[in-house]
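Here is the structure we will look at.
Read the figures in this text as sums done on the coordinates, not as results from a lab. Just so we're clear, the structure is a prediction, and the values are computed from it rather than from any experiment.
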Amino acid sequence: MKIPTSLWLVASLVLVLSASGCSSVAPWQRGILAKSQMALDIYPVQSTFKSHIYTSREAVTGNSSAGGGGCGCN
């Protein structure tokens, strides 16, 4: 059974495109690529503080690492 030429063309195109996506980042380029706009949470300290206040007021600990009761203490 002979494999069609179009299948070879598609397979080689997929191989070339997938290999070109793998690249390493040099240490001096990481600072350039680590922009604040790329962060999942722009204000991590403020978000942690708000989460702690929320869990203290609601007296629940759900999906956060803040513990404690309704009084606001740990």
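Multiply the residue gap between residue 23 and residue 37 by 0.36 nm, knock off their C-alpha separation, and tell me the result in nm, one decimal place.
2.9 nm
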A chain fully extended from residue 46 to residue 13 at 0.36 nm per residue, minus the present Cα-Cα distance, gains in nm 7.2 nm
